Amino acid sequence: MGNYITIGTPYISESEEHMRLNAETVWCFDGLVIHNTLFFEVEKKWGGYLICDRSDAFVLALLELAMEKKCDIKYQAPLSETLKYQLEQYFITVYSRKLKGLSPIKLLGKTTIEVPESVGVAGTGFSGGVDSFYSVLSHLDSVYPSKRVTHVLLAVNGAALTGMSEAIDQRWFEDLKYKFFPITKELGVELVCVNSNISLLNQYKKTLKGGDCIVTSSFVHALRKLFGTYYWASSYEADILDFTGEDPCFMEPFAVPLMSVEGLRFYHSGCEANRVEKVAYIADNPIVQKSLTVCGESENCGYCVKCLRTMTELYSLNKLEKFDAVFNVEEYKRNLSSKIARELVMDHLPFTTDILASMEQNNVHVPISSYLKKIFIFTPYYFFKKKLRNNKVFMKLWYEKGWSERLGEGRRREEVMKARMEGKGK
């Protein structure tokens, strides 16, 4: 019979405090037959917005896994006709041709042209990072009333630290819920928290792991009775389109519009600005200054590429001092030469070129020693580290012996990475 994935008719269950949209699924690939009940869970006040008369959310959640495992998807409840057309005609065709790890598949089942009733709110995802803050703030007071953001989504979608284990996912989810509720209240938007086991699909995937726009759109489609507009926070400008598979964000200008259906429109929010322009847009907001979180954890570590990038962008704008509540500004400035050198080596285009251009424009000095350290210390260091990153024995030894801290990557960074290597998800 070959490889296949089946999706049963979605149904809703409820507990004392939550409601779930469920579907019984069967996966047959790699010599395995796996029975798994996939779910999206929300607090009861959001339960009435879950939609169970179609398979859209579950097909989107499983689509990339199915393409990697060469599985046709058989679904029982109808699929929105527009979505099926866009997935088969464009997404599956292009991704299977352009990405080495994906194959063309069929979506087998009926379609529907019925448009469900929806309150049609405008929303976006919220991670507490630069891109999500930009999407919220740039749409809070839109001149177009229907496009004003009123709701933000926190989803266990496989991004950040999620997808390694159920225990890690739940710890991450609870930590960020606790942190984000007061932030979103101050912003004047509703926080919609969606728990799920969709993130655990990462354990079966080698290609497109993480919460990209396809997987994340499944959470929005699960709440189709709520959302009418959804802003996918872009990482790059609109002219950056690439199908090498190096970064799923490079493919967003093509993929994001294909998630739209009648009554639910996806926009590639932020594609009109580069990263430094987004940082400049949000940097003077007092809420952002005390709560910006770019690390993927509940607190900024100060040493990973995302932290270094953001601090260096703020430094290039002469605004880093405003963020001493979320970053160790004193430590950054004390090690300025090495921090800039690390950023120039660790990060990639277009971020580094945008930072250097911002520094020149704002008359921010780059120490000569930063360029020397980049060439003679950090370029060879990260080259060899990258070569050995798949050697688990070496990497475990690396963090156990504290070599990363000795080379300036920070105690917190070392503790986190050591915990990950041991599967603790600290």
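Among the residues in region 46-53, are any without any contact (Cβ under 8 Å) to a residue 60 or more places away in the chain, out of contact with any Ser or Thr (no Cβ under 7 Å at 6 or more places or on another chain) and closer than 25 Å to Q170 by Cβ?
The initial filter retains those residues of region 46-53 that are without any contact (Cβ under 8 Å) to a residue 60 or more places away in the chain, namely 47, 52.
Among the residues that remain, those that are also out of contact with any Ser or Thr (no Cβ under 7 Å at 6 or more places or on another chain) are: 47, 52.
After this cut, where a residue has to be closer than 25 Å to Q170 by Cβ as well, the list is 47, 52.
Looking through region 46-53, at least one residue is without any contact (Cβ under 8 Å) to a residue 60 or more places away in the chain, out of contact with any Ser or Thr (no Cβ under 7 Å at 6 or more places or on another chain) and closer than 25 Å to Q170 by Cβ.
For region 215-228, a residue qualifies if it is outside any loop (DSSP other than H, G, I, E, B) and buried (at least 22 other Cβ atoms within 10 Å of the Cβ), and the qualifying residues are V215, T216, S217, S218, F219, V220, H221, A222, F227.
Output the residue which, of all residues in region 229-250 that are aliphatic (A, V, I, L, M) and touching a residue at least 40 places away in the same chain (Cβ under 8 Å), is least open to solvent (accessible area, probe 1.4 Å). It comes out as A233. Taking first residues from region 291-306 that are within 17 Å of Y178 (Cα to Cα) and of a type in the set (S, T, N, Q) and partners that are assigned to a loop (DSSP other than H, G, I, E, B) and open to solvent by less than 20 Å² (accessible area, probe 1.4 Å), the Cβ contacts under 7 Å between residues at least 6 apart in sequence or on separate chains come to S291/G128; T293/G128; T293/G129; N300/T293; N300/V294; N300/F327. Across region 185-205, the number of residues qualifying as of a type in the set (K, R) and either surrounded by 21 or more Cβ atoms within 10 Å (Cβ to Cβ) or not in a helix (DSSP H, G or I) (or both) comes to 1.
A280 - would you say it is under 30 Å from N362 (Cβ atoms), touching a Cys at 6+ places or on another chain (Cβ under 6 Å) and not hydroxyl-bearing (S, T, Y)? Full working, then the answer.
Numbers: under 30 Å from N362 (Cβ atoms): yes; touching a Cys at 6+ places or on another chain (Cβ under 6 Å): no; not hydroxyl-bearing (S, T, Y): yes.
Here the answer is no, as A280 does not meet what is asked.
If the condition is being open to solvent by 90 Å² or more (accessible area, probe 1.4 Å) and assigned to a helix (DSSP H, G or I), then region 378-394 contributes F383, F384, K386, K387, K392, V393. Can you say whether F243 is in contact with a Leu (Cβ under 8 Å, 6 or more places away or on another chain), on the phi < 0 side of the Ramachandran plot, part of a loop (DSSP other than H, G, I, E, B) and among the aromatic types (F, W, Y), as far as the supplied structure shows? Considered against the rule, which asks whether it is in contact with a Leu (Cβ under 8 Å, 6 or more places away or on another chain), on the phi < 0 side of the Ramachandran plot, part of a loop (DSSP other than H, G, I, E, B) and among the aromatic types (F, W, Y), F243 comes out as yes.
Check every one of the helices (runs of 4 or more DSSP H) wholly within region 1-113 and list those with 1 or more residues that are open to solvent by 50 Å² or more (accessible area, probe 1.4 Å), at pLDDT 95 or above and within 15 Å of L223 (Cβ to Cβ). Even if it seems obvious, please write down each step before you answer.
Numbers: elements: 44-47, 56-69, 81-86, 92-98.
Result: 44-47.
Report, by residue number, each residue of region 362-384 that is out of contact with any Ser or Thr (no Cβ under 9 Å at 6 or more places or on another chain) and basic (K, R). The one that is out of contact with any Ser or Thr (no Cβ under 9 Å at 6 or more places or on another chain) and basic (K, R): K374.
Would you check which residues across region 350-369 are touching a residue at least 60 places away in the same chain (Cβ under 8 Å) and polar (S, T, N, Q) and list them?
Kept after step one, since they are touching a residue at least 60 places away in the same chain (Cβ under 8 Å), are these residues of region 350-369: 350-351, 354-355, 357-358.
Listed by number, the list holds a single entry, S358.
For region 137-149, filtering for residues that are surrounded by 14 or more Cβ atoms within 10 Å (Cβ to Cβ) and closer than 13 Å to T229 by Cβ leaves 4.
The values are calculated or read from the model by the stated rules, or taken from the named source; none is laboratory data. The structure displayed is predicted, hence computed values, not measured ones. All Cβ positions, glycine included, derive from the backbone under ideal geometry; neighbour counts span all protein chains shown. Protein only, heavy atoms only, side chains kept; ligands, DNA and RNA dropped before computing areas. Shrake-Rupley method; radii C 1.70, N 1.55, O 1.52, S 1.80 Å.
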